[in-house]
Amino acid sequence: MSHTNKAAGAVRGVATLVIFGVLVYSGLLKLQEPTTTAGFLERLVGISWRWTPGAIAVLEIVVALWLVSGWAPGLAGLSAAGLFIAFAVMHAMAWSLGIDGACGCLGQSDLLERLPHSVWIALTVTLAAISPWTVRSVPLRSGRAISMEAPS
């Protein structure tokens, strides 16, 4: 294995652990304290769905476990990216509507409450961008795949 492929493997490993850690941490926090996320969603869409934070939490944990399972890794990486893109869109909507406060995804603290939506958007877009790096290749509908490996 070349040094380039070893480096790509190391980047893939770190990216997988970061995405896994963020999704599991966020999911567990939502299960423990769903009210902040529920309040954020209520302010965002105007409907009180108390079950939604729990459903989002379970989805995050399932995608995290799928990511490290090795089963259909391309789809797992794209699913993680899709989650983070959805979170970025939610923060962009909140920002455009003038909704203050954090979503509760990473817990509650004064610091997190004061972070502007632009920071949350940047964080979620960054996580979405590194999610595909958790896999060796992304399958395409044509039967081909986009390789994430460096050419040897």
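The values are calculated or read from the model by the stated rules, or taken from the named source; none is laboratory data. Because the structure is predicted, anything quoted here is derived from the model rather than measured. No Cβ is skipped: glycine too gets one built from the backbone with ideal geometry, and neighbour counts run over all protein chains shown.
Values for this structure:
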read-out	value
Qualifying positions in the range 61-77 - under 16 Å from ILE130 (Cβ atoms) and either crowded, with 18+ Cβ neighbours inside 10 Å or in contact with a strand residue (DSSP E or B) (Cβ under 6 Å, 6 or more places away or on another chain) (or both)	VAL63, ALA64, LEU67, PRO73, GLY74, ALA76, GLY77
Boolean, ALA8 is in a helix (DSSP H, G or I), more than 14 Å from the chain's Cα centre (by Cα), modelled with pLDDT of 90 or more and farther than 18 Å from LEU127 by Cβ	no
Among (1) in contact with a Ser or Thr (Cβ under 8 Å, 6 or more places away or on another chain); (2) surrounded by 16 or more Cβ atoms within 10 Å (Cβ to Cβ) - the single one GLU42 does not satisfy	(2)
Every residue from the range 27-50 that is hydrophobic (A, V, I, L, M, F, W, C) and touching a Pro at 6+ places or on another chain (Cβ under 7 Å)	ALA38
Residue satisfying all of: in the range 12-39; surrounded by fewer than 15 Cβ atoms within 10 Å (Cβ to Cβ) and in contact (Cβ under 8 Å) with a residue 60 or more places away in the chain; farthest from LEU97 (Cα to Cα) among these	GLU33
Cβ-Cβ under 9 Å pairs, at least 6 apart or on other chains, the range 43-57 side in contact (Cβ under 8 Å) with a residue 40 or more places away in the chain, far side polar (S, T, N, Q) and part of a helix (DSSP H, G or I)	PRO53/THR35; PRO53/THR36; PRO53/THR37
